[in-house]
Structures are given as structure tokens and as C-alpha cells.
Amino acid sequence: MTTPVTTPVTTLDQRFSDPAADATSWDATRQALETAEMFWISTVRADGRPHVTPLVAVWAGGALYFCTGDAEQKAVNLGANPHVVLTTGCDGWDEGLDVMVEGDAVQVTDDDTLRRLAQAWAAKWDGRWHYEVADGTFHHPGSDQPVLVFAVAPAKVLAFTKGTFSHTRHRF
């Protein structure tokens, strides 16, 4: 897995925050990343149009990991442009925390790392997401179709607390 994230520089953007708001701590933001079940990934097509789709991801070792079939649109997009944003949160207005992770998606091909990640996927979803590892990729049990795994080490993380609205930036 990737090198652990150092503690980011955390700042509250007063322009977009309630006057009485506090910055969302990195611990609270990281916990949201660790426990979120659904993320939305934004990639860019070769012609510059955006592509957004839901997926599951795992926060481990200072990075956010996701996987995709090699022919899926997000994988095709990443072949030309590694810049991504992964978003998680809730659709409520008065409470909750929305988090966006910006960074570059880098394919993970080390089998030992992939085995640890497969265990993390299975543990997070009580075995509902099960992968086997072979030849630098995940595989669904009984399938020889590769599932590519990517790591996104955050360059910037934005946390939006709702209720007492705050806009927090964690920069690495």
C-alpha cells in the first residue's frame, strides 16, 4: 500500500463557512473516508467531457483505493488522464459531512499489496466484495477477467460540514 499520509495542513475557508464554524479535523475527515460505503468518482474523457460514476472504495495506508474493469469508461479515461476526484457524503442539508479527495489515480500491480487490499474489501463489506489476486490485478472468483486497482494519494481533501456550515481544506 502507499506511504502513510502525513498530517495535512488544515484550514477553514471563512468565505464559505458560517461565522461560528470550526474547521473539520483531519481525524473526523479520515473517519468519514474509512467508513463511507459509496463514493462517486469523476474522471475526464479524452475529448474533455467529464464522466462521473458511483463505486466502492477502501481507505488504507494513507490512500483511497478503488477498482474497475479494464474496459470500463473510467479505466479508459485514466489511461489518458490520471486526475480524479472521489466524493462521498450524504444528501441531507442540515447534517452530515461531505468529503472530496483530489489526486492522481495510480494503478496498483503488486500482488502482496493487492492481497492486503482484497482482505480490506472483504472486511469492510462483510465478505460481499470478494476478490482473488493474480498477475497484478483483482479477479472475481471463477473469472479470468482482470479488475484493475488504483490508489489515489490525496493532494487535497475538502470537507463540508452541514448544519453549522464549514468548508475545510486539508492540503498534503
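General remarks:
- Residues satisfying the stated conditions in segment 9-40, i.e. surrounded by fewer than 13 Cβ atoms within 10 Å (Cβ to Cβ), without any contact (Cβ under 8 Å) to a residue 60 or more places away in the chain and farther than 13 Å from Arg169 by Cβ: Pro19, Asp27, Glu34, Thr35, Met38
- Where a residue in segment 103-119 is within 10 Å of Ala134 (Cα to Cα) and its partner, wherever it lies, is of a type in the set (Gly, Ala, Ser) and not in a helix (DSSP H, G or I), with Cβ under 7 Å and at least six apart: Thr109/Gly136; Asp111/Gly136
- Considering (1) touching a Pro at 6+ places or on another chain (Cβ under 9 Å); (2) modelled with pLDDT of 95 or more, the lone condition that Asp27 does not fulfil carries the number (1).
- Restricted to segment 130-155, and to residues there that are of a type in the set (A, V, I, L, M, F, W, C) and under 16 Å from Ile41 (Cβ atoms), the residue that is surrounded by the fewest Cβ atoms within 10 Å (Cβ to Cβ) is Ala155.
- Residue ID - farthest from Trp125 (Cα to Cα), chosen from residues in segment 26-81 that are touching a helix residue (DSSP H, G or I) at 6+ places or on another chain (Cβ under 9 Å), of a type outside the set (D, E, K, R) and part of a loop (DSSP other than H, G, I, E, B): Ala46
- Output for segment 136-172, where each listed residue is closer than 13 Å to Asp111 by Cα and without any contact (Cβ under 8 Å) to a residue 12 or more places away in the chain: His139
- Pro50 being at pLDDT 95 or above and over 22 Å from Thr164 (Cα atoms): yes
The values are calculated or read from the model by the stated rules, or taken from the named source; none is laboratory data. Quick caveat, the model's predicted, so the values are computed rather than measured. In this analysis, Cβ positions are derived from the backbone assuming ideal geometry, glycine residues included, and neighbour counts consider all displayed protein chains.
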